[in-house]
Amino acid sequence: MYTIGVDLGATYIKMGIVDTRARVYSRRKIETPKSAKKALLIDAIIYNIKDIIKASGKKIHRVGIGVPGPVDSQKGIVHYFPNIKGWKEVPLKAILQKRLGMAVELDNDVNAMTLGEFTFGAGRGSDNLVCITLGTGVGGGIIIGKRLYRGGSMTAGEIGHIPINEFGPKCNCAGYACLERYVGNKYILERAKNVFGAGITLERLSALARSRDKKAIAIWTDVAEKLSVALIGVVNLLNPDKIVIGGGVSGAGSLILTPLAKQIKSRAMKDQARHVKIVLAALGPDAGIIGSSLLGVAERSSAKTTVK
Ligand SMILES: [Zn+2]
């Protein structure tokens, strides 16, 4: 059985045909149309889905789409996209179902990635996990008892907007001292530029740290320590089996993971600290496509296994 997974991002739309063992076929990556007109973006998604299906000759049963912003996944409505203009309360699921003539599942991209890592990636084998994505934004997805936890109005998981100080810099969510305000990649880059000059990139900062540059190591260690402040709270509150770290900045790998795990192990409450494993996401650039293909399906099958 084949599904199409679509990972709609502010920069790229990625999609592919995914089988039941998470193998991805006919990958496609196109630039997200920069036009403010949402009709153009919807047309691009539909054109590419139809084109992939036609070219593959495979029988496709459904489409799952992960999108970069808050949604009501039950009603299939996009509330808005922080980084794509012109979207407000758009019934995207209904629009796609009508024009594609097949079932469509919709959720936000971090929930999709969380489902992917939970089912086929670094979260396999755990019943309770928290996924955190580090990039321009800092997002989170929560699995409790093998199911996505969505919260009262379907917007749970905003780890990036946990305040880590009583006072601090203002955040674009209207709060201040939010985790994202310290470890979002533009803020890491700002700090790196102050030390290494305007030409530095995050990849270069990682390379410098790996070649034992003390100033570069200090920046990544500080990122890990800021992260740990929020995640120690998460570990104590939810007692997860695993914390899965994904997203662009997670490319820094052990530079973040080692000091982060050390902080959590030493500062979280004893039982929670001993139990939790801190791991890097495993699905790489396909995480969004695989995760989106599981929307609806993974939740239904996991619900079946939890009801005994
Ligand atoms: Zn915030």
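The values are calculated or read from the model by the stated rules, or taken from the named source; none is laboratory data. Since the model is a prediction, treat every value here as computed from it, not as a measurement. Quick reminder, even Gly has a Cβ in these numbers, built from the backbone with ideal geometry, and neighbours come from all protein chains shown. SASA here: full protein model, heavy atoms, side chains in, ligands and nucleic acids out. Shrake-Rupley method; radii C 1.70, N 1.55, O 1.52, S 1.80 Å.
Residue by residue through the range 163-175, what is 3J(HN,Hα) from phi via Karplus (6.51 cos²θ - 1.76 cosθ + 1.60, θ = phi - 60°)? Round to whole Hz and write x for glycine and proline.
With the stated coefficients, the range 163-175 comes to x, 10, 9, 5, 10, x, x, 6, 10, 6, 8, 5, x Hz.
Normalise the Debye intensity by I(0) for the chain, one equal point scatterer per Cα, no solvent, then take log10 at q = 0.11, 0.16 Å⁻¹ and round to two decimals.
So the normalised log intensities are -0.68, -1.34.
Considering only protein heavy atoms, what per residue accessible area in square angstrom results for the chain with a 1.4 angstrom probe?
Details: 14940 Å² over 308 residues.
Per-residue value: 48 Å².
What distance in nm separates the two pseudo spin-label positions at C173 and D51, each 7 Å out from Cα along the beta-carbon direction?
So the two model labels end up 3.7 nm from each other.
Report Rg(Cα)/(2.2 N^0.38 Å) for the range 122-282, keeping two decimals.
Cα Rg divided by the expected 2.2 N^0.38 Å: 1.02.
Using Cα atoms only, what is the angle between the long axis of helix 297-306 and the major principal axis of the chain, expressed in degrees (0 to 90) to the nearest 10?
70 degrees
Helix 254-267 versus the longest principal axis of the chain: what angle, 0 to 90°, nearest 10, using Cα atoms?
Helix 254-267 sits at roughly 70 degrees to that axis.
How large is the direction-averaged shadow of the alpha-carbon convex hull of the range 34-184, in nm²? The partial results should precede the final answer.
Working: hull surface 42.8 nm².
One quarter of the hull surface, i.e. the mean projection, equals 10.7 nm².
Take every DSSP beta bridge whose two residues both sit in the range 122-282, then give the antiparallel share in percent to the nearest 5.
Details: 10 of 19 bridges.
Antiparallel bridges: around 55 percent, rounded to the nearest 5.
Hey, what do the phi angles of the range 92-104 turn into as Karplus ³J(HN,Hα) couplings, whole Hz, using 6.51/-1.76/1.60 and θ = phi - 60°, x for Gly and Pro?
4, 4, 5, 4, 5, 4, 5, 7, 9, x, 8, 5, 10
When we measure straight from the Cα of K38, which aspartates and glutamates land under 17 angstrom away, once same-chain ones fewer than 8 places off are left out?
Of all the aspartates and glutamates, those that pass the test against K38 - Cα under 17 Å, at least 8 places apart if same chain - are D7, E89.
Enumerate the amide H contacts of A282 below 5 Å, restricted to partners 5 or more residues apart or on another chain; note that Pro and chain-start residues carry no placed amide H.
Under 5 Å from the amide H of A282: A122.
Using DSSP, restrict attention to beta bridges with both residues in the chain and report what percent are antiparallel, rounded to the nearest 5. Each step should come with its number before you reach the end.
On the way: 27 of 48 bridges.
Around 55 percent antiparallel, to the nearest 5.
Kindly state, to the nearest 0.05, the FRET efficiency for K85 paired with A198, given R0 = 25 Å and r defined as their beta-carbon distance. Present the calculation step by step, with values, prior to reporting the outcome.
Values: r = 28 Å, r/R0 = 1.14.
That gives a FRET efficiency of 0.30.
In the range 189-258, which trypsin sites (Lys or Arg not before Pro) fall in coil by DSSP and have 10 or fewer other Cβ atoms within 10 Å? Walk me through the intermediate numbers first.
Details: sites: R191, K193, R204, R210, R212, K214, K215, K226, K242; in loops: R212.
Counting only loop positions with at most 10 other Cβ atoms within 10 Å, the trypsin sites (Lys or Arg not before Pro) in the range 189-258 are R212.
Which residues does the label zone of R27 cover in the range 1-17, counting backbone N under 11 Å from a point 7 Å along Cα→Cβ?
Taking a point 7 Å out along Cα→Cβ of R27, the residues of the range 1-17 whose backbone N falls under 11 Å are 15-16.
Rounded if a/c is under 1.5, else prolate if a/b is larger than b/c, else oblate: which is the range 189-308, with a ≥ b ≥ c the root eigenvalues of its Cα gyration tensor?
Numbers: a/c = 3.17, a/b = 1.55, b/c = 2.04.
Oblate.
Enumerate the lysines that K265 could reach by cross-link, defined here as Cα to Cα under 21 Å, with residues fewer than 8 away along the same chain left out.
K226, K242, K277
Could you pull the Rg and Dmax for the range 89-133, using just the Cα atoms, both in Å?
In order Rg, Dmax, the Cα atoms of the range 89-133 give 14.0, 38 Å.
Quick one: with all protein chains in place, what share of the accessible area of the chain is carbon or sulfur, to the nearest percent (1.4 Å probe)?
Details: 8020 of 14940 Å².
C and S fraction of accessible area: 54 percent.
Pairing the Cα long axis of helix 185-196 with the longest principal axis of the chain, what angle in degrees results, from 0 to 90 and rounded to the nearest 10?
That helix lies at roughly 40 degrees to the long axis.
Compute the normalised compactness of the range 2-108: alpha-carbon radius of gyration over 2.2 N^0.38 Å, N being the residue count. All intermediate terms of the calculation are to be shown ahead of the outcome.
Working: Rg = 13.0 Å, N = 107, 2.2 N^0.38 = 13.0 Å.
Rg over 2.2 N^0.38 Å, computed on Cα atoms: 1.00.
Using Cα centres only, tell me the gap between the range 52-99 and the range 185-218 in whole Å.
37 Å
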